[in-house]
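Notes for the one structure printed next.
Since every read-out is calculated from the coordinates, none of them should be taken as a lab result. This structure is a prediction, so every number in the text was calculated from the model and none was measured. All Cβ positions, even for glycine, are placed from backbone atoms using ideal geometry, and neighbour counts span all protein chains on display.
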Amino acid sequence: MGRRRTSNLGLPPHMQLKHGAYYFVGRDKKWIRLSENKALALAKWAELEGETPILENKERSIKGSVGELIDRYMIEISPRKAASTYKGNLAEAENLKKVFGRMPIASVLPVHIARYLDTRGIKSKVRANREISLLSHMYSMAMRWGMAISNPCVGVTKHKETGRSRYIMDNEFEGVKVLSSELIATVMDFAYITALRKGDILRLKLEQITDDGIWVIQSKTGSKQLYEWSDGLRKVVDKAKALKRPKWCIYLFCIRQGEAYTDSGFKAMWQRVQIKWAEQGGNRFTFHDIRAKALTDAKNLGLDAQTLAGHSTAAMTEHYIKQREFKRVTPLK
């Protein structure tokens, strides 16, 4: 039996935290850097050890149960997704585990999936759909891992969803900018010009800004893009660089300490601006609506909205645009 840990409590065997990063320390005493992100470090640990670690303050799930599948998925697969997606998966996995956790993997049938959708859908049809979509992917991985021979989610009809149709008019966009700090207004302009997602904007590093343009690998799709320079893009980048920042900051947009904005930190600032906007009689909108506006406007201007979005198919782009398209009509008088 190995010696009892006196430090790094809560971590699986052979995993150590040192100088803000997690390492795998093998029996040969060689230190292998895993990641600064604990969730991703655990995923890499699982690859090296060939087993799923027990999460902090959690009991190991029953072998062969859906709970065991959920644990493995949330260690090995989910941490590799975009940060916002992973965060959502954590809550979704907890809800799934409450219902299916103790059931044997093979005992879950399509009728159980349908009942979950109906029951969960009473409170939220959208959340019910998302949770079953996650469970479906878990079962797909279970088939790959030899834990299941079929996917009970396949073929079960989900709740019909109505796509978001909010289109930000130009005067609304400018009106919110007037109420915003220089930082928020600049991020809004950058988001509109590039149609990038909030996470990719907040993590954009100065080293990605080159003579040729701005290099981006979209976190959600993995799409590699070079945003070539235009007058508008140069102007907004110069404006962003002129914002107050520590000399050592490596991000285009950063907090006073030089670190990137967290999703929650930026969201709090955005909500304060939207509250001000609503108090003046404005119709609130989400930051993500800016991306939809950008893609809709790009299509109306005859530009390549799909390339701007970084989508692999035109259908994905149309999903953003279809609900927001409108025609300007000239009245008779």
- prompt: Which aspartates and glutamates have a Cα lying under 15 Å from the Cα of residue 98, excluding residues fewer than 8 positions away in the same chain?
  reply: 59, 68, 71, 131
statement: Residue-normalised 222 nm signal for the chain, counting each DSSP H run of n ≥ 4 as -39,500 (n - 2.57), nearest 500 deg cm²/dmol, is -14500 deg cm²/dmol
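Could you give me D for the range 59-161, from Stokes-Einstein at 25 °C and 0.890 mPa s, where the hydrodynamic radius is the Kirkwood radius over C-alpha pairs? Units µm² s⁻¹, please.
This corresponds to a translational diffusion coefficient of 180 µm²/s.
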- prompt: Once the Cα atoms of helix 231-241 and of the chain are each reduced to a long axis, what angle between those two axes, in degrees from 0 to 90 to the nearest 10, is obtained?
  reply: 60
message: Just to confirm the number: angle between the C-alpha axis of helix 110-121 and the first principal axis of the chain, 0 to 90 degrees, nearest 10?
response: 50
Assigned charges on the beta-carbon of Lys, Arg, Asp, Glu; the range 270-333 dipole about Cα centre (debye): 280
- request: Determine, for 248, 229, the number of other Cβ atoms within 10 Å of each Cβ, and report the residues in order from fewest to most.
  value: 248, 229
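Only Lys, Arg, Asp and Glu count, each charged at its Cβ (+1, +1, -1, -1), so figure out the dipole size of the chain about its Cα centre, rounded to 20 debye.
820
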message: I'd like the distance between the alpha-carbon centres of the range 253-314 and the range 316-333, rounded to an integer number of Å.
response: 20
query: Measuring from centroid to centroid over Cα atoms, what is the spacing of the range 120-187 and the range 84-119 in Å?
result: 16
field: Furthest towards positive pole of dipole, 199, 114, 213, structure part the chain, Cβ charges
entry: 114
message: Which of 68, 207, 131 has the fewest other C-beta atoms within 10 Å, and how do the rest follow up to the most?
response: 207, 68, 131
- line: Sorted by chain and number, the residues with a modelled amide H under 5 Å from that of residue 22, at a separation of 5 or more or across chains, are 34, 35, 36
- request: Rounded, prolate or oblate: pick one for the range 211-333, where a ≥ b ≥ c are the square roots of the eigenvalues of its C-alpha gyration tensor, a/c under 1.5 means rounded, and failing that, prolate if a/b is larger than b/c, else oblate.
  value: oblate
- prompt: In the chain, with Lys and Arg counted as +1 and Asp and Glu as -1 at Cβ, which of these residues, 190, 167, 90, has the Cα nearest the positive end of the dipole, that is, farthest along it?
  reply: 90
- line: Looking only at lysines whose Cα falls under 18 Å of residue 38's and that sit 8 or more positions away or on another chain, we get 18, 58, 81, 87
Structure-derived Rg/Rh (Cα atoms, Kirkwood Rh): which label, when the choices are (1) 1.01; (2) 1.04; (3) 0.94: (1)
message: Can you give me the angle between helix 263-279 and the longest principal axis of the chain, using Cα atoms only, in degrees from 0 to 90, rounded to the nearest 10?
response: 40
- request: Would you please classify the overall shape of the range 192-256 from the alpha carbon gyration tensor, given that a ≥ b ≥ c denote the square roots of the eigenvalues, rounded means a/c under 1.5, and beyond that prolate means a/b larger than b/c while oblate covers the rest?
  value: oblate
- prompt: Which residues' amide hydrogens lie under 5 Å from the amide hydrogen of residue 251, considering only partners 5 or more residues apart or on another chain, with H built in the peptide plane?
  reply: 206
statement: To the nearest 20 debye, the range 170-324 has a Cα-centred charge dipole, built from +1 on Lys and Arg Cβ and -1 on Asp and Glu Cβ, of 520
